[in-house]
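First comes the structure, then the notes that go with it.
Coordinate-derived values only; no laboratory data. Just so we're clear, the structure is a prediction, and the values are computed from it rather than from any experiment. Cβ placement follows ideal geometry from the backbone for every residue including glycine, while neighbour counts extend to all protein chains displayed.
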Amino acid sequence: MTERCRLYLITPPKIELAVFAETLNRTLGAGDVASLQLRLKDVPDEEIEKTVEVLMPVAQNADVAFILNDRPDLAGRFGCDGVHIGQEDGTYAAARAAVGPERIVGVTCHASRHLAVEAADAGADYVAFGAFFPTRTKEPKVYCDLDTLKWWAELMVVPCVAIGGITVENAKPLVEAGADFLAVSSGVWDHPDGPAAAVKAFNALF
């Protein structure tokens, strides 16, 4: 029996830092969250640095790993717990060199079993499959099916993350298929009862 599925939280597309830090603190206090990925697109490095300085202590104080999206160079420089790279963000080897041997490197593999096996063989700490559902956060390049999750869970030891349009309402099949983590953004931040309620509801599901 594998360990229970856990929540992998992704920041919303737009962050008002002072307000969001408070919200994040309450959200992480509402239940088990494995990691927080900071995803900031098309902003200067200074803004990323300022955001990391404010949000990373909030995550780490809650025993939540702080992962930076796309930028291994900055993740290494700012001392983040890890980095998540897409297929266009350079190689796993380059990301590993940038962050060092102790930190987390996760790799987007879309719906490709081949890319996932390559990433795992190279040493990735997790692979991410998706999107599983339509999402407002970003336009999915491809959609992934539950069979890929089941196949991975049965054969591989490297953890897998399911991503893309996941909400409390549609998450159960992904958990049953063997996802180790569910990566969620709007499904938490836009939850009708608020993000803390969403974290509680996901943990009840797990």
- prompt: FRET efficiency for ASP42 and ALA122, Cβ-Cβ distance as r, R0 = 35 Å, nearest 0.05?
  reply: 0.80
message: If you average the alpha carbon positions of region 16-60 and of region 146-189, how far apart do those two centres end up, in angstrom?
response: 23
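Quick check: from the Cα gyration tensor, does the chain come out rounded (a/c under 1.5), prolate or oblate? Don't skip to the answer; put the middle values down first.
Details: a/c = 1.57, a/b = 1.08, b/c = 1.46.
Note, shape of the chain comes out oblate.
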- request: Could you pull out which residues in region 1-33 have an amide N less than 17 Å from a spot 7 Å beyond the Cα of ASN61, following the Cα-Cβ vector?
  value: 17-31, 33
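Working out 0.36 nm times the residue gap between ALA93 and ASP145, then minus their Cα-Cα distance, what length gain in nm do you get to one decimal? If you can, show how the numbers build up before the last one.
On the way: separation 52, 0.36 × 52 = 18.72 nm, distance 2.79 nm.
Using 0.36 nm per residue and subtracting the Cα-Cα distance, I get 15.9 nm.
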- prompt: What aspartates and glutamates sit close enough to LYS41 to cross-link, taking a C-alpha to C-alpha distance under 20 Å and skipping anything fewer than 8 places away on the same chain?
  reply: GLU16, GLU49, GLU53, ASP70, ASP73, ASP81, GLU88, ASP89, GLU139, ASP190
task: Any aspartates and glutamates with Cα under 16 Å of the LYS172 Cα? List them, leaving off those in the same chain fewer than 8 positions away.
output: GLU3, ASP145, ASP147, ASP180
message: Could you check the spin-label model distance between ALA153 and VAL54? Points 7 Å from the Cα along Cα→Cβ, value in nm.
response: 3.8
- prompt: Taking a label point 7 Å from the Cα of ASN203 along the Cα→Cβ vector, which residues of region 25-41 have an amide N closer than 20 Å to it?
  reply: 25-37
